[in-house]
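S.K.: The structure follows.
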2 protein chains.
Amino acid sequence: MIGYPNAKKVPLKDSTVSTANRGMTLERDLNDTNEFYLATDRAVIHKKPTPIQVVHVDYPDRTAAKITEAYYRTPSTTDYNGVYKGRAIDFEAKEIKSKTSFPFQCIHEHQIEHLKRVIRHGAIAFVIVRFTSRNETFLVPADRLISAYDKRERASVSYTWFTENGKRIPEGYSPRLDYLRCVDELIKEETK
Amino acid sequence: MIGYPNAKKVPLKDSTVSTANRGMTLERDLNDTNEFYLATDRAVIHKKPTPIQVVHVDYPDRTAAKITEAYYRTPSTTDYNGVYKGRAIDFEAKEIKSKTSFPFQCIHEHQIEHLKRVIRHGAIAFVIVRFTSRNETFLVPADRLISAYDKRERASVSYTWFTENGKRIPEGYSPRLDYLRCVDELIKEETK
């Protein structure tokens, strides 16, 4: 059994790095939405924690563990997964500033590999992309984005491509980003 | 987009704490098995990273990030999930020393809640329990363990209960712990 040392409540404080431009708003909206889905018992979808390699731990007192040396590791999977209507759900979320295009360098090779795998095994896989300058967020089936990625005719896919191949996610108050509505459409389209 | 600072290759070194009795062997066997399932394209199942709250990060050089203050957080989900045969898979793994019983205090309330939720949404949910002193590992459907947990007639379930309610997982060389064979039986039993 893995014992988790007592979780200490700490203020979210990271004095050396501003997270303002780090894609936190889409993450925050997805987090709120997933909590809403959980609270309304509609789905069980979570963001995977960032993998961190712990090298040194101090014990200032016997019950509290303080990690004093650790390093970020590159995840081998996508960031979000869970279950909805009996289906495995798996997706990645990206936020970009450009008004016109989504560069392929935003997607890591391992994320593409992972999405290909879960598709093979029957998950509903997609990518959520937010064009921050337009304040528009799209859900696009992973296989479509992967096709474009594999062909790599250009270094990016255009905003127009998203309007043609993806679905615009309704944004509101509760939930913030109702992406499951788009997933419902994907499920309907599967059965046709 | 979330930028992951370059992952630094570090030796697995934790000088203050021995992980020998921390339930690492079951975790290691499951990790090897999941890698085997991935390599043979049989399933896509991963252990979720331990959630860690990062408080301070140093940048000894511009590309390398060194976390110098962080704390373990209690996970709100189970440790393992993924997809197999079009089904969402979700499970927790526990290792215990006792020969005769599995105390309920090994299971955290949030893990029970999470398992209940994913069951409601159609995932195949179970708990893998290794009796280390007997070198026997069982897979038990989560709903059965939850029933016993909810009734709480005793503070534990016995080893005998596992032999009656769970399935013994075949252990070998490759994969180490072929738990998907038990999952196949669960799937068959569902359709009856």
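S.K.: Per q in 0.12, 0.17, 0.24 1/Å, what log10 I(q)/I(0) does a Debye calculation on the alpha-carbon atoms of the range A:24-89 return?
M.R.: -0.50, -0.78, -0.97
S.K.: To the nearest 10 degrees, how steep is helix A:179-191 against the longest Cα principal axis of chain A, on a 0 to 90 scale?
M.R.: Helix A:179-191 sits roughly 50 degrees off the main axis of chain A.
S.K.: Something else about it: Treating cross-link reach as a plain straight distance, find the aspartates and glutamates whose alpha-carbon is under 19 Å from the alpha-carbon of A:Lys116, omitting any fewer than eight places away in the same chain.
M.R.: A:Asp79, A:Asp90, A:Glu92, A:Asp143, A:Asp150, A:Glu190, B:Glu35, B:Asp41
S.K.: For the pairs A:Lys188/B:Lys192; A:Lys47/B:Lys151; A:Lys151/B:Lys47; B:Lys85/B:Lys192; B:Lys167/B:Lys192, flag any whose C-alpha to C-alpha distance is greater than 22 Å.
M.R.: Checking Cα-Cα distances, A:Lys188/B:Lys192; A:Lys47/B:Lys151; A:Lys151/B:Lys47 exceed 22 Å.
S.K.: With charges set only on the Cβ (+1 for Lys and Arg, -1 for Asp and Glu), what does the dipole of the protein assembly as shown come to about its Cα centre, in debye to the nearest 20?
M.R.: My answer is approximately 80 debye.
S.K.: What is the ratio of the Cα radius of gyration of chain B to 2.2 N^0.38 Å, with N the residue count, to two decimals?
M.R.: Dividing the Cα Rg of chain B by 2.2 N^0.38 Å gives 1.14.
S.K.: Please report the buried accessible area for the interface of B with A, total over both chains, probe 1.4 Å, in Å² to the nearest 100.
M.R.: 6300 Å²
S.K.: Just subtract the alpha-carbon distance of A:Lys192 and A:Asn165 from 0.36 nm times their residue separation and send over the number in nm, one decimal.
M.R.: Residue separation times 0.36 nm, minus the Cα-Cα distance, leaves 8.0 nm.
S.K.: Here's a follow-up. Kindly give Rg over Rh for the protein assembly as shown, based on alpha-carbon atoms, with the Kirkwood expression for the hydrodynamic radius.
M.R.: Value, to two decimals: 0.97.
S.K.: Between beta-carbons, use under 13 Å as the cut-off and find the net charge around A:Ser133, counting Lys and Arg +1, Asp and Glu -1.
M.R.: Result for the local shell: +2.
S.K.: Roughly what angle does helix B:24-39 make with the longest principal axis of chain B, taking Cα atoms, 0 to 90 degrees, to the nearest 10?
M.R.: 90 degrees
S.K.: For A:Thr77, what charge total do you get from the other residues with a beta carbon under 10 Å from its beta carbon, if Lys and Arg give +1 and Asp and Glu give -1?
M.R.: Once all neighbours under 10 Å are counted, the net charge is -1.
S.K.: Using a 10 Å cut-off on Cβ atoms, rank the peptides B:95-104, A:45-54 from the highest mean neighbour count down.
M.R.: Highest mean packing first, the order is A:45-54, B:95-104.
S.K.: On to the next question. Cross-link partners among aspartates and glutamates for B:Lys97, C-alpha distance below 12 Å, same-chain residues fewer than 8 apart left out?
M.R.: By straight Cα distance, B:Lys97 reaches B:Glu136.
S.K.: Hey, another quick one. Shortest first and in nm to one decimal, what separations exist between B:Ser133 and its copies in the other chains, measuring from label points 7 Å along the Cα-to-beta-carbon line?
M.R.: Distances to the matching label points in the other copies: 6.7 nm.
S.K.: What angle do you read, to the nearest 10 degrees and between 0 and 90, between the alpha-carbon axis of helix A:142-151 and the longest principal axis of chain A?
M.R.: For helix A:142-151, the angle is close to 80 degrees.
S.K.: Placing the label point 7 Å from Cα along the Cα-to-Cβ direction, what are the distances from A:Arg73 to the equivalent spots in the other copies, shortest first, in nm to one decimal?
M.R.: 1.9
S.K.: Another one. Alpha carbon centre of the range A:32-91 versus the range B:114-192: separation in Å?
M.R.: Between the Cα centres of the range A:32-91 and the range B:114-192 lies a distance of 24 Å.
S.K.: Give me the distance in nm between label points sitting 7 Å out from Cα along the Cα-to-Cβ direction at A:Ala64 and A:Lys85, one decimal.
M.R.: Taking the simple label geometry, A:Ala64 and A:Lys85 are separated by 4.8 nm.
S.K.: Mind giving me the nanometre distance, one decimal, between the label points for B:Phe104 and A:Asn135, set 7 Å out from Cα along Cα→Cβ?
M.R.: Going from the B:Phe104 label point to the A:Asn135 one covers 5.1 nm.
S.K.: Rounded to the nearest percent, how much of the accessible area of the range A:118-192 (1.4 Å probe, protein heavy atoms only) is carbon and sulfur?
M.R.: The value for the range A:118-192 is 43 percent carbon and sulfur by accessible area.
S.K.: To continue, here is another question. Along the charge dipole of chain A, which of A:Tyr173, A:Tyr84, A:Tyr37 sits closest to the positive end, that is, farthest toward it, with unit charges on the beta carbon of Lys, Arg, Asp and Glu (+1, +1, -1, -1)?
M.R.: So the residue furthest toward the plus end is A:Tyr173.
S.K.: Scaled to the compact-protein estimate 2.2 N^0.38 Å, what is the alpha-carbon radius of gyration of the range B:86-192, rounded to two decimal places?
M.R.: Rg over 2.2 N^0.38 Å, computed on Cα atoms: 1.04.
S.K.: Further, regarding this structure: Distances from B:Glu35 to the same position in the other copies: list them in nm, one decimal, shortest first, using label points 7 Å from Cα along Cα→Cβ.
M.R.: 3.7
S.K.: May I ask you to give the solvent-accessible area per residue for the range B:34-98, in square angstrom, as obtained with a 1.4 angstrom probe?
M.R.: Per residue, the range B:34-98 has an accessible area of 38 Å².
S.K.: Provide the solvent-accessible area of A:Asp32, counting protein heavy atoms only and rolling a 1.4 Å probe, rounded to the nearest 10 Å².
M.R.: That residue has around 50 Å² of solvent-accessible surface.
S.K.: Counting alpha carbon pairs within less than 8 Å and at least 6 residues apart, what relative contact order, in whole percent, applies to chain A?
M.R.: Here the relative contact order equals 17 percent.
The values are calculated or read from the model by the stated rules, or taken from the named source; none is laboratory data. Because the structure is predicted, anything quoted here is derived from the model rather than measured. All Cβ positions, even for glycine, are placed from backbone atoms using ideal geometry, and neighbour counts span all protein chains on display. Just so you know, the surface numbers come from the protein's heavy atoms only, side chains and all, with ligands and any DNA or RNA stripped out. Shrake-Rupley method; radii C 1.70, N 1.55, O 1.52, S 1.80 Å.
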